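Note sheet for the following structure.
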Amino acid sequence: QVQLVESGGGLVQAGGSLRLSCAASGPTLITDAMGWFRQAPGKQREFVAAITWSGHIISYANSVKGRFTISRDNAKNTVYLQMNSLKPEDTAVYYCAVGTGAAVRLDVRDYGYWGQGTQVTISS
């Protein structure tokens, strides 16, 4: 059983930065893709970014491309999301997840383990 714990959320002004972390614990080293999703009030959970185990393949949602950077430290079973130039529309609960395979996927249905989420609020 894999457990994911996110941290790093908070309240910042527009234009600011935050770095989210997601630490995975479990019986084995995670070699599947990992991703970040977010869910704003009244909206569906949406893809933000994902990365393969090697880090060689990365995908971003168009809305965050050029502002957010995903990375992972496999020795620590941890994935990060560096968020710069934050906008009020980035406000949401951010979730990390472990994919059900090695490839980067954009659909929530392709992720098997989820964290509890961390709130990110951007003030204008």
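The values are calculated or read from the model by the stated rules, or taken from the named source; none is laboratory data. All values derive from a computational prediction rather than experimental measurement. With ideal geometry, Cβ positions are generated from the backbone for all residues, glycine too; neighbour counts draw on all protein chains shown. Surface accessibility is based on the protein's heavy atoms, side chains included, excluding ligands, DNA and RNA. Shrake-Rupley method; radii C 1.70, N 1.55, O 1.52, S 1.80 Å.
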The chain accessible area per residue, 1.4 Å probe, protein heavy atoms, integer Å², reads 51
Taking only the alpha-carbon positions of segment 40-87 and ignoring solvent, what does the Debye formula give for the base-10 log of I(q)/I(0) at q = 0.15, 0.22, 0.27 Å⁻¹? -0.45, -0.85, -1.07
Under a 10 Å cutoff between Cα atoms, tell me which one of Gly99, Gly35, Gly26 has the largest fluctuation in the Gaussian network model of the chain. Gly26
Separation in nanometres of the label points that stand 7 Å from Cα toward Cβ, at Trp114 and Ser7: 2.3
Kirkwood-Stokes translational diffusion coefficient of segment 1-121, alpha-carbon pairs, 10 °C, 1.306 mPa s, µm²/s: 113
Trypsin sites (Lys or Arg not before Pro) in segment 1-54 lying in a DSSP loop, each with at most 15 other Cβ atoms within 10 Å of its Cβ, come to Lys43
Leaving out ligands, DNA and RNA, what percent of the accessible area of the chain is carbon and sulfur, probe 1.4 Å? 49
